[in-house]
Structures are given as C-alpha cells and as structure tokens.
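**Student:** After the structure tokens below, expect a handful of questions from me.
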Amino acid sequence: MTTGTWSAPGRVNLIGEHTDYNEGFVLPFAIEYRTSVALATRDDARIRVSSSFDPEPVEVAIADLAEIFPDGRDQVPEWARYPLGVAWALLQATGADAVAGVELAITSDVPIGAGLSSSAAIEGATASALNDVWELGLDRVALARIGRTAENEAVGAPTGIMDQMASMLGREDAAIFLDCRSLDAQVVDLGFAAAGLELLVMDTHVTHAHSTGGYGERRAACERGAEIMGVPALRDLTPEDLPRAQELMDDVTFRRVRHVVTEDQRVLDTVAILAGSGPEAIGPLLLASHASMRDDFEISVPELDTAVEAAMAAGAIGARMTGGGFGGAAIALVRHADVPAVTDAVTAAFADRGFSAPNIFTVLPSAGAGRDA
Ligand code: ADP
Ligand code: MG
C-alpha cells in the first residue's frame with residue numbers, strides 16, 4: 001500500500017478580474033490556507049473520497065467514472081464531483097487505465113465560497129496526489145488544466161484557468177503573472193514584506209454561485225463583444241479600440257468589454273509598477289479595478305463597495321473586490337501599522353449599514369501545490 005499527503009493552496013487575485021476566460025492577463029497569488037489530501041492505495045479498483053466538509057464518504061468504481069462524467073454527475077454529491085472529476089479528467093487526458101484504487105481523505109482550512117478558490121485547492125491537491133501515485137508524469141501546468149476540465153465538465157461550472165494556475169505555481173512573497181492565452185506564467189516578486197505591507201482579505205459572507213446566473217451572462221457578453229469586434233477574444237483589443245467598440249455595440253455589452261480591456265491594461269501596469277516603483281504605488285490601479293467592476297461589469301454588491309470605501313477611508317493604499325463577484329471577499333493593501341484601524345473601520349461600517357459582520361484576516365503570498373509527506 002502506498003500512502004502520502006499532498007496539498008494545494010487557495011488564492012487571492014491581486015488584479016485581473018474576469019480577464020482569464022477572455023484570454024488576457026491575471027496576477028493572482030497562492031495563500032497560506034490549504035486543502036490537503038491524505039491518500040492510501042486500495043487492493044480493488046475503486047475510488048473513495050471523504051471530506052471534513054461533508055463526512056459522508058462517496059465510493060465508486062474507477063471504471064464507472066466515465067459513466068458518471070460528464071452527463072451522469074447527479075449520481076454523486078456536488079462536492080465529490082471535484083475530486084472524482086479530477087480523477088476522471090486525469091484518466092481521460094492520459095488514457096491511463098488499470099490504475100490502483102485509492103482512498104482520499106480531504107481536509108481544508110480554505111474558507112469555502114469566500115472568493116479564495118477552495119475549488120482550485122481541492123482540485124490541485126487531488127490532481128497532485130493522483131498524478132504522483134498513478135505515475136502519470138503531468139507537469140504543473142498540465143495539472144492546472146486538469147483542474148479546469150474537472151470544474152468545467154464534471155462540476156459544470158464555467159470557470160477559467162487562473163485559480164488552478166495560481167494554486168499550482170505559487171511562490172512565497174510572489175504573484176503569478178499569467179497570460180491566459182499562452183499559459184505562459186512568470187513569477188513576479190511582490191515585495192510586500194520588505195515594504196511593510198499586509199494584504200487584508202475582507203470576507204463579506206455574501207455567498208455567490210459561480211455555476212449559475214451572472215457569471216455565465218458576463219461570459220456571454222464578452223463573447224458577443226469579441227464577435228462584434230471580429231477578434232478571437234477580448235484579449236486582442238487595447239484601450240485604443242474602445243471608441244470603435246462603443247459605436248458598434250449596445251451600452252451593456254460595451255461596458256462589459258471596457259471592463260475587460262482596461263483590466264488587462266491594469267494588470268500590465270501593475271506588473272511594471274511592482275518592478276519599478278514597488279508595491280506602495282499600485283493602490284490607484286486596485287481602486288480603478290474596483291470601480292470598473294462596480295460600474296462597468298456590475299458584479300459588485302453593497303457589502304463589497306462598503307468594505308473598499310471604509311478601508312480606503314481608514315488609510316489603505318488600495319482596495320478592490322476580488323474573485324468572481326456577486327459576494328465573496330474584497331482585498332486591501334495596508335501598511336502593517338494600519339491593519340487594526342482598517343479592520344475596525346470596515347467592521348464598524350458593516351455594523352452601521354446593518355450588514356452581518358465581515359471576517360477580516362491577512363493572507364501571505366505562499367508556495368503552490370506539492371507533496372507534503
Ligand atoms: P470558491 O470560491 O471557494 O472556489 P466554489 O463555488 O468555486 O467557491 O467552490 C466551492 C465548492 O467546492 C464547495 O461548495 C464544495 O462543493 C467544493 N469544495 C471546496 N473545498 C472542499 C473541501 N475541502 N471538501 C469538499 N468539497 C470542497
Ligand atoms: Mg472556485
């Protein structure tokens with residue numbers, strides 16, 4: 001019997017929101033909160049998963065994975081579609097069969113549904129474990145793709161690849177500058193520690209559902225915009241193309257397009273500023289990103305706007321909502337000494353407006369997925 005433990009982190013996206021599926025740029029970093037998979041091989045050809053999130057184990061024959069996914073996914077509980085979907089996607093992608101049965105016990109301290117990508121963490125941990133134990137030989141980028149395939153096809157959530165890449169490739173005190181078209185990824189030093197900066201996450205507790213509603217509508221608007229402009233993806237447009245876009249499309253589609261095009265530019269500017277002036281200088285870009293999501297992409301909610309406004313009023317360098325939107329978390333870049341004041345101000349602003357108390361905590365840019373034991 002083979003045993004071992006693998007883990008993968010959640011992530012925060014510093015900037016570059018809803019640009020990933022438009023084949024553009026993102027700048028996420030892995031955080032210190034992780035999902036772990038303890039694996040033991042079995043004598044039979046079955047796969048059994050359990051999670052601290054839902055103690056009821058789910059067990060299926062490995063040969064049945066191809067019947068369950070993609071169309072029969074209702075046969076297993078939603079959470080189990082993540083790890084079982086990863087197993088299915090791995091076998092599909094590699095053509096491997098006759099792999100060993102496995103028992104996977106999943107634990108996590110990544111907050112679920114808070115915009116920190118607990119989904120990429122469970123995918124990355126599972127993919128890393130099975131890749132090693134089944135000796136599939138896939139590299140980290142290939143494993144990120146496996147995670148996306150599982151999430152898109154086995155879970156049925158139409159997400160991009162940013163979260164999985166951040167979770168697979170993260171490094172300490174660094175972000176991953178990712179070109180979502182080529183999947184070329186560069187490690188970009190953040191220098192938060194040297195500059196005395198902290199990254200605060202302000203979880204609003206407002207829940208979002210990626211697989212439904214607004215997210216799909218935004219993706220469709222982006223596809224429509226690219227089609228009208230005659231380009232494969234919005235990535236192919238620059239801010240200079242926006243006047244022509246405005247002439248050619250309806251107001252809503254145009255504003256969706258403008259968010260993506262200007263957001264791509266803000267990611268490029270952030271990378272340049274980090275390498276030049278340093279992290280204290282990226283505040284205005286974070287704020288502009290938030291305004292674009294609030295006004296043009298229309299994916300913010302009053303709780304997120306309140307968090308950003310209150311953090312800025314209390315001295316944050318920059319702040320924005322992060323993640324897919326419609327709830328989840330905002331982030332603020334804050335000088336170490338200002339963390340208590342910003343935390344108190346955001347908490348007080350939530351109380352004033354009758355919102356339930358936010359959960360506010362710092363995150364540290366951290367290492368990506370790997371084997372722990
Ligand atoms: P997030 O922003 O946290 O990624 P998602 O909706 O994309 O939110 O993914 C959350 C879902 O992923 C959960 O509802 C659950 O189905 C699954 N999931 C995440 N972490 C775990 C875990 N540790 N155990 C079981 N399922 C998990
Ligand atoms: Mg997710």
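Where a number appears in this text, it was derived from the coordinates with a stated rule and is not lab data. Because the structure is predicted, anything quoted here is derived from the model rather than measured. With ideal geometry, Cβ positions are generated from the backbone for all residues, glycine too; neighbour counts draw on all protein chains shown.
**Student:** Grab the DSSP H runs of the chain that are 4 residues or longer, score each as -39,500 (n - 2.57), total them, divide by all residues and round the 222 nm result to the nearest 500 deg cm²/dmol.
**Tutor:** On the way: 12 runs with 143 residues, N = 373.
My calculation for the chain gives -12000 deg cm²/dmol from helical runs alone.
**Student:** Let me ask something else about it. Over all distinct alpha-carbon pairs, what is the Kirkwood Rh of the stretch 190-363 in angstrom?
**Tutor:** Values: mean 1/r = 0.0588 Å⁻¹.
Its Kirkwood hydrodynamic radius stands at 17.0 Å.
**Student:** Just subtract the alpha-carbon distance of ASP43 and ILE112 from 0.36 nm times their residue separation and send over the number in nm, one decimal. Spell out each step's value before the answer.
**Tutor:** Values: separation 69, 0.36 × 69 = 24.84 nm, distance 3.29 nm.
Fully extending the segment from ASP43 to ILE112 adds 21.6 nm.
**Student:** Moving on. Multiply the residue gap between THR94 and GLU32 by 0.36 nm, knock off their C-alpha separation, and tell me the result in nm, one decimal place. Before the final figure, lay out the partial values.
**Tutor:** Details: separation 62, 0.36 × 62 = 22.32 nm, distance 3.07 nm.
Stretched fully, the THR94-GLU32 segment lengthens by 19.3 nm.
**Student:** Between VAL252 and GLU56, what length in nm is gained on full extension when 0.36 nm per residue of separation is reduced by their alpha carbon distance?
**Tutor:** Values: separation 196, 0.36 × 196 = 70.56 nm, distance 4.45 nm.
Residue separation times 0.36 nm, minus the Cα-Cα distance, leaves 66.1 nm.
**Student:** Treat the stretch 313-373 as a sphere of radius equal to its Kirkwood radius over Cα pairs and apply Stokes-Einstein at 4 °C in a medium of 1.567 mPa s; give the translational diffusion coefficient in µm²/s, rounded to a whole number.
**Tutor:** Details: Rh = 13.5 Å.
Answer from the Stokes-Einstein relation: 96 µm²/s.
**Student:** If you split all Cα-Cα distances of the stretch 2-188 into 5 Å bins from zero, what percentages do you get per bin, shortest first?
**Tutor:** 1, 9, 18, 22, 21, 14, 8, 4, 1, 0
**Student:** Distance from the Cα centre of the stretch 241-298 to that of the stretch 142-193, in angstrom?
**Tutor:** Spelled out, the Cα-based centre of one part sits 20 Å from the other.
**Student:** In the stretch 82-115, which residues have a backbone nitrogen under 14 Å from the label point lying 7 Å from GLN75's Cα in the Cα-to-Cβ direction?
**Tutor:** 84-85, 88
**Student:** By the scheme Lys and Arg +1, Asp and Glu -1, what is the net charge of all other residues having a beta-carbon under 12 Å from that of VAL188? List each step's numbers first, then the result.
**Tutor:** On the way: positive: ARG171; negative: ASP173, ASP189.
Net local charge, VAL188 excluded: -1.
**Student:** What residues qualify as long-range amide H neighbours of THR362, i.e. H under 5 Å apart, gap of 5 or more or another chain, H built at 1.01 Å from N?
**Tutor:** When sequence neighbours closer than 5 places are left aside, the close amide H contacts are VAL201.
**Student:** Continuing with the same structure: Based on the Cα gyration tensor of the chain, what are the three equivalent ellipsoid semi-axes, each the root of five times an eigenvalue, rounded to whole Å and given largest first?
**Tutor:** Ellipsoid half-lengths, sorted descending, are 34, 24, 19 Å.
**Student:** Which ordering of HIS336, HIS205, HIS259 is given by a fewest-first count of other beta-carbon atoms within 10 Å?
**Tutor:** Values: HIS336 12, HIS205 17, HIS259 28.
Going from least to most buried by this count: HIS336, HIS205, HIS259.
**Student:** Given labels modelled 7 Å from the Cα in the Cβ direction, how far is it in nm from VAL187 to ALA63?
**Tutor:** Taking the simple label geometry, VAL187 and ALA63 are separated by 4.5 nm.
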